[in-house]
Amino acid sequence: MRAFLLFLSRQESFKNFMLRFRMFRNTAWRFVAGERVEDAIRAARELRQQGIRATMDLLGENTRSEEDAQRTTGEIVSLLDRTHAENVDCNVSVKLTQLGLDLGTELCFQNLARIVRHSAGLGGFIRVDMEDSSYTDRTLDIVQRVHRETPNVGTVIQSYLYRSEKDVQNLIAHRIGIRLCKGAYLEPATVAFKKKRDTDANYLALTKRMLQSGLYHGIATHDEPMIDAIKQFAGERNIAKDSFEFQMLFGIRRDLQQQLGKEGYRVRVYIPYGTRWYPYFMRRLAERPANIVFILRNLVKK
Ligand SMILES: Cc1cc2nc3c(=O)[nH]c(=O)nc-3n(C[C@H](O)[C@H](O)[C@H](O)COP(=O)(O)OP(=O)(O)OC[C@H]3O[C@@H](n4cnc5c(N)ncnc54)[C@H](O)[C@@H]3O)c2cc1C
């Protein structure tokens, strides 16, 4: 089911078909703050009142023209200015294919460097999301190049990839902060664990390695047993609660986000917004069969 949905997320004709259903579009707002930057800012402010931090994500991926990549870069720079001017305390997350990675490494590097430099001038931080495994090497290379010049940038590692232990070690050696997640793309067994228990075991092992590195990292999961194990590990090693943060996605496990905050842990929520929400939304649907059942039931009712 998950593989099938991830396959459908890449089919333009299926997308056009589904977007005709208002119910389908309305369900997206459970996971996406809205289409406008104001929607994301409102969501960040509401979370901040609960002591929860934010990272903003202007949705978009696999940009097809250089012009589009430059325009998106400009929009992200404006987002940085806007959140700074309005005193919204947040990071910004970006995807390299949104900045033109499919069109050329140099173009993408220049666009990311521009965003990271601008963010540094405002005292901000940029997180480079990780996309499917065909982009991993290029993403890590570009992030390391930009980090050498301007260090307020970090990236993401996915625990379902066999290679991730090596990548975590390498990023720590270069003093680059990591967001660890399980991974959201359709990957072959040649590069990724297929069983949840293997991905989870790797997640825990990598988290332990990261927490002992002395760097500030993000532990991105909604998996409660995993979070409990991490809390226990950090407690036993006297790892301070403010030396790392838990991260979750907008609209998922709000109860757990608040509970962790009340327990004194740092929590950051990823707030996606914008008109290009379809692939992001499909990945969220694919993660949990109950989400599909909910949509199907309501589509049938129409
Ligand atoms: C802040 C953040 C940033 C991320 N960035 C990236 C990235 O750059 N690249 C990437 O590949 N992936 C990214 N992901 C997605 C991640 O890889 C997983 O696909 C996603 O987080 C689900 O995995 P999980 O760790 O929550 O565990 P799972 O084992 O999948 O889920 C554990 C529990 O979480 C809840 N849950 C999980 N997903 C959903 C959902 N969609 N709807 C409702 N409940 C759900 C359920 O209660 C489930 O039982 C990110 C995730 C987070 C939280």
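Only one entry of Thr55, Thr73 meets the criterion of being touching a Leu at 6+ places or on another chain (Cβ under 7 Å) and over 18 Å from Asp141 (Cβ atoms), and that entry is Thr73. Checking each residue of region 46-61 against the condition of being surrounded by fewer than 13 Cβ atoms within 10 Å (Cβ to Cβ), at pLDDT 95 or above and either in contact with a Ser or Thr (Cβ under 7 Å, 6 or more places away or on another chain) or within 30 Å of Arg148 (Cβ to Cβ) (or both) gives no match.
For every residue, the table says whether it meets (1) more than 12 Å from the ligand (Cβ to nearest atom); (2) closer than 16 Å to Tyr160 by Cβ; (3) exposed (fewer than 12 other Cβ atoms within 10 Å of the Cβ).
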| residue | (1), (2), (3) |
| --- | --- |
| Phe193 | yes, yes, no |
| Leu206 | yes, yes, no |
| Leu215 | yes, no, no |
| Ile219 | no, yes, no |
| Asp223 | no, yes, no |
| Asp228 | yes, no, yes |
| Lys231 | yes, no, no |
| Arg237 | yes, no, yes |
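Being out of contact with any Leu (no Cβ under 9 Å at 6 or more places or on another chain), farther than 30 Å from Lys262 by Cα and not hydroxyl-bearing (Ser, Thr, Tyr) is the requirement here; does Ala85 meet it? So Ala85 fails the test. Only one entry of Ala33, Ala69 meets the criterion of being modelled with pLDDT of 95 or more, under 22 Å from Leu260 (Cα atoms) and not acidic (Asp, Glu), and that entry is Ala33.
Contact map, region 57-69: first residue on the phi > 0 side of the Ramachandran plot, second residue among the charged types (D, E, K, R), Cβ cut-off under 9 Å, separation 6 or more or different chains; pairs are Gly60/Asp68; Gly60/Glu75; Gly60/Lys95; Gly60/Arg276; Asn62/Lys95; Asn62/Asp102; Asn62/Glu131. Pairs linking a residue in region 1-21 that is touching a residue at least 60 places away in the same chain (Cβ under 8 Å) to a residue that is of a type in the set (Gly, Ala, Ser), with Cβ atoms under 7 Å and 6 or more positions apart or on different chains, are Arg2/Ala286; Leu5/Ala286; Leu6/Ala286.
Conditions (1) farther than 15 Å from Gln158 by Cα; (2) aliphatic (A, V, I, L, M); (3) in contact with a Lys or Arg (Cβ under 7 Å, 6 or more places away or on another chain), marked per residue:
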site	(1), (2), (3)
Tyr203	no, no, yes
Leu211	yes, yes, no
Thr221	no, no, yes
Pro225	yes, no, no
Lys231	yes, no, no
Glu236	yes, no, no
Ala240	yes, yes, no
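In region 267-285, is there at least one residue being over 30 Å from Gln11 (Cα atoms) and either assigned to a loop (DSSP other than H, G, I, E, B) or under 18 Å from the mean Cα position of the chain (by Cα) (or both)? Within region 267-285 (the criterion being over 30 Å from Gln11 (Cα atoms) and either assigned to a loop (DSSP other than H, G, I, E, B) or under 18 Å from the mean Cα position of the chain (by Cα) (or both)), the answer is yes, since at least one residue qualifies. Scanning region 162-181 for residues that are under 17 Å from Val146 (Cβ atoms) and not in a helix (DSSP H, G or I) yields His174, Arg175, Ile176, Gly177, Ile178, Arg179. Residues in region 245-292 that are more than 10 Å from the ligand (Cβ to nearest atom), of a type in the set (A, V, I, L, M) and closer than 26 Å to Leu186 by Cα were compared, and the one that is surrounded by the fewest Cβ atoms within 10 Å (Cβ to Cβ) is Ile292.
Using beta carbons and a limit of 6 Å, which pairs, at least six apart or on different chains, have the first residue in region 266-285 and farther than 19 Å from Val92 by Cβ and the second one in a helix (DSSP H, G or I) and within 10 Å of the ligand (Cβ to nearest atom)? Final answer for the pair search is Leu285/Asn291. Regarding region 121-129, can at least one residue be identified that is surrounded by 15 or more Cβ atoms within 10 Å (Cβ to Cβ) and in a helix (DSSP H, G or I)? The answer is no, given that none of the residues of region 121-129 is surrounded by 15 or more Cβ atoms within 10 Å (Cβ to Cβ) and in a helix (DSSP H, G or I).
Of the residues Gly51, Gly100, Gly104, Gly60, only one is within 24 Å of Gln257 (Cα to Cα) and of a type outside the set (S, T, N, Q); which? The unique qualifying residue is Gly51. Screening the candidates Ala184, Ala201, Ala229 for the property of being among the hydrophobic types (A, V, I, L, M, F, W, C) and in a loop (DSSP other than H, G, I, E, B) yields one hit, Ala184.
Helices (runs of 4 or more DSSP H) fully within region 6-100 that include at least 1 residues being within 27 Å of Tyr265 (Cβ to Cβ): 37-49, 66-85. Among the residues of region 104-136, how many are within 15 Å of the ligand (Cβ to nearest atom) and free of Cβ contacts under 8 Å to residues at least 60 places away in the same chain? So the answer is 10.
The values are calculated or read from the model by the stated rules, or taken from the named source; none is laboratory data. Remember, predicted model here, so these are calculated numbers, not experimental data. Please note: Cβ atoms are built from the backbone with ideal geometry, for glycine as well, and neighbour counts cover all protein chains shown.
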